[in-house]
Amino acid sequence: MAQKVSLAFVFVGSPKIILADEPTSSMDAIYQLEFVKTLEKIAKKLEIAVLFVSHDLALISNFCERILVLENGKLAEDKSVMDLLENPDSNMSKNMLEASRKILLYEDN
């Protein structure tokens, strides 16, 4: 509920960009998806860019156009979502993708 209230306050003042730093970290998967879909819908309607910071590649790959991967505070990759998912170059990207796959496999069992 706190994230939903915070989301409402974000749009006060008509921002041009929103920095969403791990906004779904304390939510379960159903609420994460609902929250991100709502954020995406409102941002598109109001023409606001969203910079979504997350470790959850499975979640953000459904909503983002590009993914920038940081490693030790430096830019390791800057690719379209599909390119990063299909052809990761950095060790950080490879590790994050592997972790996402393990989580998905675990949830399927």
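Points to keep in mind about this one:
- Taking amide H positions as modeled 1.01 Å from N, with prolines and chain starts lacking one, the residues under 5 Å from V50 and 5 or more places away or on another chain are I18.
- Spin-label model distance (nm) - K37 vs L68, 7 Å beyond Cα toward Cβ: 2.9 nm
- Label-point gap, in nm, between S26 and R101 - each point 7 angstrom along Cα→Cβ: 3.4 nm
- For A76, the residues whose modelled amide H falls within less than 5 Å of its own, excluding neighbours fewer than 5 places apart on the same chain, are V69, L70, E71.
Every number here is computed from the coordinates shown, using simple stated rules; none is lab data. Owing to the predicted nature of the structure, the values given are computational and were not obtained by experimental measurement. No Cβ is skipped: glycine too gets one built from the backbone with ideal geometry, and neighbour counts run over all protein chains shown.
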